[in-house]
């Protein structure tokens, strides 16, 4: 029961911290706001799923709710030092010719660029780390008892499906709901 309560509080904290972070760095609405929320929800889900299959919680060096509080505090101090958050709105060039490959603008706001970079690095490192932990645990009895391809694909597919739905919707739809009601979409994804 304590573990359920603790994970519930951590999940709630992870969502609230990223909403605050998105506001501090002025990430705006749309895809950057959704990715800012997913920075903690995707790893949290992956680590919880990993605990279910492996039978133990092995946290990486930098984890979600606890360590991210320190990161957000540092970002607050940086924003205060650099001046009222305007630093986050500066335009930076998209490197390596990715703008041509992906069809994105040649410049992005520093906050949007930061969200994209952190999202890609963090989510990919968590997913690769989880894969290697599953691979190493494949012969252990706990893993063999819990693992079936159907359950694994169902559990993992749930989050992947949510990511695909919300990210695709934010990029392709003609609707302005992500811009007019971003918090509703964020809480819908996170809840």
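Brief remarks follow.
- Filtered by the rule that a residue be in a helix (DSSP H, G or I), surrounded by 12 or more Cβ atoms within 10 Å (Cβ to Cβ) and either touching a helix residue (DSSP H, G or I) at 6+ places or on another chain (Cβ under 7 Å) or at pLDDT 85 or above (or both), the range 121-143 gives 122, 123, 126, 127, 130, 131, 133, 134, 137, 142, 143.
- Residues in the range 1-17 that are within 12 Å of residue 72 (Cα to Cα) and without any contact (Cβ under 8 Å) to a residue 24 or more places away in the chain: 1 in all.
- Pair list, Cβ < 6 Å and 6+ apart or interchain, from the range 23-36 residues that are in a loop (DSSP other than H, G, I, E, B) to residues that are crowded, with 18+ Cβ neighbours inside 10 Å and at pLDDT below 75: 29/178; 29/182; 30/170; 30/178
- Identity of the residue in the range 47-61, under 18 Å from residue 11 (Cα atoms) and touching a residue at least 24 places away in the same chain (Cβ under 8 Å), that ends up surrounded by the fewest Cβ atoms within 10 Å (Cβ to Cβ): 58
- The range 3-35, subset on the phi > 0 side of the Ramachandran plot and touching a helix residue (DSSP H, G or I) at 6+ places or on another chain (Cβ under 7 Å), residue surrounded by the fewest Cβ atoms within 10 Å (Cβ to Cβ): 30
- Within the range 94-110, considering residues that are loosely packed, with under 12 Cβ neighbours inside 10 Å and modelled with pLDDT of 75 or more, the one nearest to residue 29 (Cα to Cα): 106
The values are calculated or read from the model by the stated rules, or taken from the named source; none is laboratory data. Remember, it's a predicted structure, so these values are computed and weren't measured experimentally. Cβ coordinates were reconstructed from backbone atoms using ideal geometry, including for glycine residues, and neighbour counts include every protein chain displayed.
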